[in-house]
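See structure below.
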Amino acid sequence: MELQKLFEQAAGESKSLSEKPSNETLLQLYSLYKQSTEGDNNTEPPSNPFDFVAKAKYEAWLGIKGKTKDAAMQEYISLVNKLKEN
């Protein structure tokens with residue numbers, strides 16, 4: 001199966017995990033998904049300094065800047081597969 005199809009399958013499976021992942025893992029999934037689908041984060045930082053969730057998501061995605069879409073997809077698939085095993 002090609003990488004894109006595996007990625008889409010993993011994205012679907014991530015919504016039906018038996019246990020909710022930790023916030024840190026959720027941020028990792030978010031940033032890898034965004035990097036896979038949109039590439040580097042070139043958006044403005046959140047304007048509300050008290051929106052801690054948006055800030056955490058922004059910084060997580062910014063933290064993997066430069067990673068190729070294919071590498072991000074591969075990491076995302078691996079992480080979802082690891083979470084499915086637990």
Shape category assigned to the chain from the gyration tensor of Cα positions, a/c cut at 1.5: oblate
Test of the criteria: in the stretch 23-86, which trypsin sites (Lys or Arg not before Pro) are in a DSSP loop and have at most 13 other Cβ atoms within 10 angstrom of their Cβ? Lys65
Would you kindly state how much longer the chain becomes between Ser78 and Thr43 on full extension, computed as 0.36 nm times their sequence separation minus their alpha carbon distance, in nm to one decimal? 9.9 nm
In deg cm²/dmol and to the nearest 500, what is the mean residue ellipticity at 222 nm of the chain if only DSSP H runs of at least 4 residues count, each as -39500 (n - 2.57), divided by the residue total? -20500 deg cm²/dmol
Could you list Tyr30, Tyr58 in order of exposure, starting from the residue whose Cβ has the fewest other Cβ atoms within 10 Å? Tyr30, Tyr58
If the chain between Lys55 and Leu3 were fully stretched, how many nm would it gain, using 0.36 nm times the residue separation less the Cα-Cα distance? 15.7 nm
Please work out how much length the chain gains when fully extended from Ser16 to Lys69, using 0.36 nm per residue of separation minus the C-alpha to C-alpha distance, in nm with one decimal. 16.7 nm
GluC sites (Glu not before Pro), restricted to the chain: which are DSSP loop and have at most 14 other Cβ atoms within 10 Å? Glu2, Glu19
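Bear in mind these aren't lab numbers, they're just calculated from the coordinates by the rules spelled out. Being a predicted model, the structure only gives us computed values, none of them experimental. Here the Cβ is made from the backbone with ideal geometry for all residues, glycine too, and neighbour counts use every protein chain on show.
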